[in-house]
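The values are calculated or read from the model by the stated rules, or taken from the named source; none is laboratory data. This is a predicted model, so every value here is computed, not measured. In this analysis, Cβ positions are derived from the backbone assuming ideal geometry, glycine residues included, and neighbour counts consider all displayed protein chains. These accessible areas exclude ligands, DNA and RNA; they are computed on the full protein's heavy atoms, side chains included. Shrake-Rupley method; radii C 1.70, N 1.55, O 1.52, S 1.80 Å.
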Amino acid sequence: MNLNNKIVIDFKEFLKTGKFDYLKIGKTKEWIINNFPDPDFFTGKDDKIYQNDIWRYGNVELIFHEEKLILFHSKYLDENDLNGGEYLEIKKWFLEKSDKINLLSVIEYLNVERINFSKKTNQYESKSVRLELESGVHLGFILEGLEDENDEEYTLRSETVSQNEFIFYSFSLGR
């Protein structure tokens, strides 16, 4: 569906409620094409994009399995460049406030807004941290310097890593 105006997605509201306009996990591709803007570069149901299980809106991805939406996702946030493409305007909230968004600053933003969450650290490797919000949204953080998959720097560090060295890297909602 082509629209005259962009749909506005408020990132703060998304984190609080898990709402991404009217999209919900479990919606079909058919429903989305008829009720939501077309994905980037979409030209019609015969298009390869329609057949693909990943639809992009800027650097936000909708991921499908068996024609049903199973995940909203973006893992391109290490440069704080959340982008909704041609049809989505994203109010970025804390992502507009700083060049480097780290774990401690995001926890502060969530606490101010009274957004409940739990913190999970990968027990097998201490290179990543995830915040699981009450809304079902997950926020991913990676040890600064590892965005380029450069593990050499990490192996030279001590095991005690400050929480403010984890930078915001991704968000997801779904399974």
* Structure fact -> Residue hits (the range 108-117; surrounded by fewer than 16 Cβ atoms within 10 Å (Cβ to Cβ) and in contact with a strand residue (DSSP E or B) (Cβ under 8 Å, 6 or more places away or on another chain)) are Asn116
* Check the range 68-83 and report whether any residue there is open to solvent by 70 Å² or more (accessible area, probe 1.4 Å) and farther than 30 Å from Leu143 by Cβ. => yes
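Considering only residues that are part of a loop (DSSP other than H, G, I, E, B) and either among the aliphatic types (A, V, I, L, M) or on the phi > 0 side of the Ramachandran plot (or both), look in the range 70-83 and name the one that is modelled with the highest pLDDT. If you could, list the steps in order and put the result at the bottom.
Filtering the range 70-83 for residues part of a loop (DSSP other than H, G, I, E, B) gives 75-83.
Now drop any that are not either among the aliphatic types (A, V, I, L, M) or on the phi > 0 side of the Ramachandran plot (or both), which leaves 77, 80, 82.
Working: Leu77: 73, Asn80: 55, Leu82: 85.
Top of the filtered list is Leu82.
Select from the range 41-67 the residues that are charged (D, E, K, R) and at pLDDT below 90 and write down the one among them that is farthest from Leu88 (Cα to Cα).
Applying the first criterion (charged (D, E, K, R)) to the range 41-67 yields 45-48, 53, 56, 61, 66-67.
This time we only want the ones that are at pLDDT below 90, so: 45-48.
Numbers: Lys45: 20, Asp46: 23, Asp47: 21, Lys48: 21 Å.
Result: Asp46.
What helices (runs of 4 or more DSSP H) lie completely within the range 1-69 and have 2 or more residues being in contact (Cβ under 8 Å) with a residue 12 or more places away in the chain?
11-17, 29-35
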* Asked: Going by the conditions given, is Ser105 more than 18 Å from Ser135 (Cα to Cα), among the small types (Gly, Ala, Ser) and at pLDDT below 90?
  -> no
* Any idea which of (1) over 18 Å from Leu139 (Cα atoms); (2) touching a strand residue (DSSP E or B) at 6+ places or on another chain (Cβ under 9 Å); (3) open to solvent by 80 Å² or more (accessible area, probe 1.4 Å); (4) in a helix (DSSP H, G or I) is the one Glu86 doesn't satisfy? -> (4)
